[in-house]
Every structure is written in structure tokens, then in C-alpha cells.
Amino acid sequence: MKKISTLALLCSLLIVSLAAQTKLTPADWQADLRFLQQTVHNDYPFLFKKITAEAWDAEVEKLYAAMPTMQEHEILAGVGRTVALFQYGHTDIGWRQSPVKYHVLPIALLYFSDGIFVEGAHKDYEKLLGAKVLKIEGMPIEQALAAIKPLVPAENDQYFKAYGLDFLVIPEALHAQRVTSSLKNSITYTLEKNGKTFEQAIAALDAFRLPRQYGYVQPGGDWVSVRDQSKTPLYLKNLDKIYFFEYLPASKTVFVRHSQIQDDPSEDTPAFYQGVFDFIEKNDVERLVIDVRLNGGGNNFKNKPVVTGLIRCEKINQPGKLFVITGNRTFSACQNLVNELDNYTNATFVGEPTAENINFYGDNRRVELPNSKTPVFLSWAWWQDKPQWHNEDWLAPDLAVDMSFEDYRTNHDPVLEAILDLDSKSFAANPVQRLEQLFMENKLDAVQVEAEKMVKDPRYRYVNFEDDLNQAGYDFLGDDQYDAAVFVMQLNTKLYPKSANAWDSLGEATLKAGQKEKAIEFYNKAIELDPVGVTGENSRNMLKKINGGK
């Protein structure tokens, strides 16, 4: 008996010794950070596109200096913030694969047009379903979102809405970002439900994957969903399949949900879409809707049969007949798909902007930090489906439609409904083009009336009228059509009277049109609106030229 006890004691001491050897010191983490820094500079310098190498290195040095005073979860969050500075969704760290232990609250949050709500929960917190989040540990939700945003490699606000909310249910992330003043085992939420505000402390569990599919909790076992499960809207139907289609005879519409850029095990992509196009040709179909709002990507070489098939389908590839639904989970290879559909078809895009930049870095490689073994995923492939001057944060919908919490809960799909109810006479898929057409017809009063309507119309809220009109004005200037340029740029100042750039551009147009006094007036207006910025500086330089360098 004594011998066995001695052996057990030796084993225990060995385990403790090994644990002590594997425990990471601040110096280990500092070495990992240096390794990451050198790897980025040596092998991935092209990632310095949205942040300069100097600015990134400065943040690295701040983290390096602070590491000896930080807890491990704070260090991991710091590394995450450093990588997130590149602002590419494919460039991230592996929280799950890191040795740093973290926890998760057993609730699932989802972003809607009217706020952030508890969409799913463990049955122990079923009463929280449908509650709107107002505060976290007393911090207003807007401030909490701003606090955690640096952890997220967000290419745009849409990506953050889709993927960033998960950090709101990780106590270690909340503490690292100072939403909480100390690391806590439970987090108190302030919630609102049925007109009543209340607080609820939610106990954290060891890290686990929330039981979700395409961002939505799948009820079953110990988990419940807020959505009415008695019926299923088309965009959530048959989620066991990558794609499916259904004919809506009342509107003569074919609806396709396509939620991964991969082949479904039961039918590959070319065969599926051939079936769709055959059905369209043989039946009374007037409209095709392709729904990719849940599509987070895959293999973009699978996009070809979709794009080429639509180009050949003359029955559908017409304005007002082909619609593509996008949302805040439309990402990666699906961004390539919608880019190509925008380039080569007559698709009208409906819903919300995508989660990816128009042109972006993707296809990451795993880089393992030598001491912590934390994986860092660094993008290396530049995907450019559009010219380099198309640096938009996202592909914006032609027709903007959001989903409210109540829409989701009751299985109402306002996006599909907007397509089916669309009046092509009152809606312009390309509003700036419609304004240009009115201008060419010399209907100048109608241009101003229509422009004012469109700018106020929520359906066009993602259209950048100011930049588009400004560009149209410069196009006229380039063709020496000075009067036309002045008209367009003057219209822009009426629509956006607080835009220094609009006034600066009008100053340039009137100067080239020979209206020197007017140009001086407009340049001064730009300086008034932007006294210390780049636009104001440009206006000051132009005034010096007008005054002979004085």
C-alpha cells in the first residue's frame, strides 16, 4: 500500500511539473508576438492596405510592452486586436484552438433592424427569448458594441453585425475590452420584453459551439428558438440542402435559396442550375429570385455555371426579372458571385449590403505561434472582380430592405415580399442613370424633383448619390460641358448642403465655366464647412491660385 501511494505521489508531482513547464509566461507571449510581427513583414506585407506598416507596428509595440501586466485572456484578446487591424474577415486568430481557456454564455444574439435580440437560448434561460438587449453590466449596448469591435476582423459594419456579436457572450472578451471591470463568471444583462425592462444574470459555461446553422439556433435537446416553428419561410427552408428551388405560381416566380458555394452531396451545382433553367424555359415563369443572404462562401470556381447559365437565359436575364437577395452573411466566394452577377447580368440586388469588400484578400494560411500554438490565419490571395478604383466596403443593394425582429419571429420575409410587390414604374434599379436620362431629355426641373425624392426614399438608402453625382459632374467637366457640370454639382450642394466636398467641386466647375466670383464664394463655403481638413485645404489652395498665389 505504501509503495502504491509513493507511485501515485510521483505521478502527481510529474503532472504538476509538466503543467508548470507548459504554463506560458509573458515572455513566451512576447516572443509569439515578435514571431507574428516578423512573419507579417516578411511574408504578408501586402496586408498593409487599410493600415500602414508603421501604424500597425506601433500597436504591436504597445501590446508587447503591456503583456507582463496582462492576464492570459487579455493577451489573447490583444493578439486578436492586432490581427483584426488588417480588417479582412479571412485574417483572424483561432480563439477555440488557443490554450487560453474561455467561457460562453448559453444564449444566442442576433442583429435586426430594430436592435439586438436573444434569438436562441439554453432551456434554463428560455424566458429571455425575444428580449431586446439594452445594457451589458450596466453599459449601454451601443457602447458595448463599440468596445468589442476592435476584436473583430470586420471588413464593414455588415460583417460585424453578423459575426461580432459572439464576443458579447464571452466574459473574457468583455473584460479584455473593459465592458466589465473584472473577469466574471456570470454577466448581467439589462433586457426589455413585452414593454418591461429587467435584469438577468447569466452564468457562463466552458467554451462550446452554439447549436446554430447559418447563424440561427436550431431548436432541439436543451436549446430553444424564438422563431415560430409551426412554419418555415423559404429562406430557411430545407437547410439540410445547400440549394433548392421552388415555384411560386401566383407570382410566376422561381425562388432559389443558395447558401454555400459548394456542391450539394445529392446534386452538383451545374446539374442543379441546369434544372432551374430548364424549368424556367418550359414553364410560365416571369421572375427568378436567387437568395444568397445566408451564403458565407466556399469554392468560387463553383460560380461559373450560375453566371454563364444566367447570361444564356434570355427569358430571365432582363431588368426587372432577375433578383438577387444579399445580407450580412453574404461573404467570401459568394462576394465573388454577386460581383460577377453585377458585372455580367441584369440582376437587381435586394436586401442588405454584403459582409465583404468588393475587392478583398481571402484564402488564408494557418500560421502557428511557436509558444502558445495559437493559430493565426493570414490571407494571401487578392480577389479583384472589379477595377481597382472600386474600393467600396460592400456590394450595396439596389433596393434596400431590412428585417425586423418581429418579421423573423413570425416568419415574415419582407425582402421577398418587396420583390414580389415591386412596381417597376416607381422604382429605379439605377436611380442615377434615371436622373441622367431626364437630364439628357432636358427635363431639368424633373431632375431636381426626382433627385430630392430619391435621396429621401429609404429604398435607396445605400445608394451613394453624393459621390455618384459628383462623378457625373466631373465626367461633364472632362468633356468640356461646363454648364452641365455646374448644373449637376449645384444640384449636389442642394441635396447635401453640409458637404464641403460638394461645394469644393462646384467651385471647380464654376471656375472652369468662367464664373470666378461664384467660384470664390463656393470655395469659401467649403472652407467654412471643413476649416482644417483636406477639402478645406484644397479650397484654400485654389483661392490662392485665383488671387495670383497670395
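What follows is calculated from the coordinates using simple rules that are stated; it is not laboratory data. These numbers come from a predicted model, not from an experiment. Neighbour counts are summed over all protein chains in view; Cβ atoms, including those assigned to glycine, are modelled from backbone coordinates with ideal geometry.
Structure values in brief
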| read-out | value |
| --- | --- |
| Anchor residue 241: aspartates and glutamates whose Cα lies under 12 Å away (excluding residues fewer than 8 positions away in-chain) | 263, 264, 267, 268 |
| Over the stretch 276-435: Kirkwood hydrodynamic radius from C-alpha pairwise inverse distances, Å | 17.3 |
| Rh (Kirkwood; distinct C-alpha pairs) - the stretch 103-225, Å | 14.5 |
| Rh (Kirkwood; distinct C-alpha pairs) - the stretch 431-546, Å | 14.3 |
| Value of relative contact order over the stretch 431-546, rounded to a whole percent, pairs C-alpha under 8 Å and six or more apart | 16 |
| Against the rule of thumb 2.2 N^0.38 Å, how large the Cα Rg of the chain comes out | 1.14 |
| From phi via Karplus (6.51, -1.76, 1.60), per-residue ³J(HN,Hα) for the stretch 37-47 in Hz, x at Gly/Pro | 4, 5, 5, 4, 5, 7, 10, 10, x, 5, 5 |
| Sequence-distant residues sharing a close amide H with residue 325 (under 5 Å, placed H) | 290, 291, 292, 350 |
| Computed over the chain: relative contact order in percent, which uses C-alpha pairs under 8 Å that are six or more apart | 11 |
| Given the chain, longest segment not containing exposed loop chymotrypsin sites (Phe, Trp or Tyr not before Pro) (DSSP; at most 10 other Cβ within 10 Å) | 1-207 |
| Footprinting exposure proxy for 368, 119 (fewest neighbouring C-beta atoms within 10 Å first) | 368, 119 |
| Ellipticity estimate at 222 nm from DSSP helix runs (n ≥ 4, -39,500 (n - 2.57)) divided over the chain, nearest 500 | -12500 deg cm²/dmol |
| J(HN,Hα) series, the stretch 423-432, from Karplus relation 6.51 cos²θ - 1.76 cosθ + 1.60, nearest Hz, glycine and proline x | 9, 5, 6, 8, 10, 10, 4, 10, x, 5 |
| Local net charge near residue 84, Cβ-Cβ under 10 Å (Lys/Arg +1, Asp/Glu -1) | +1 |
| In sequence order, calculated HN-Hα J values of the stretch 111-117 (Karplus, 6.51, -1.76, 1.60; Hz; x Gly/Pro) | 8, 10, 4, 10, x, 9, 10 |
| The stretch 267-350 - Rg and Dmax from Cα coordinates, angstrom | 12.2, 34 |
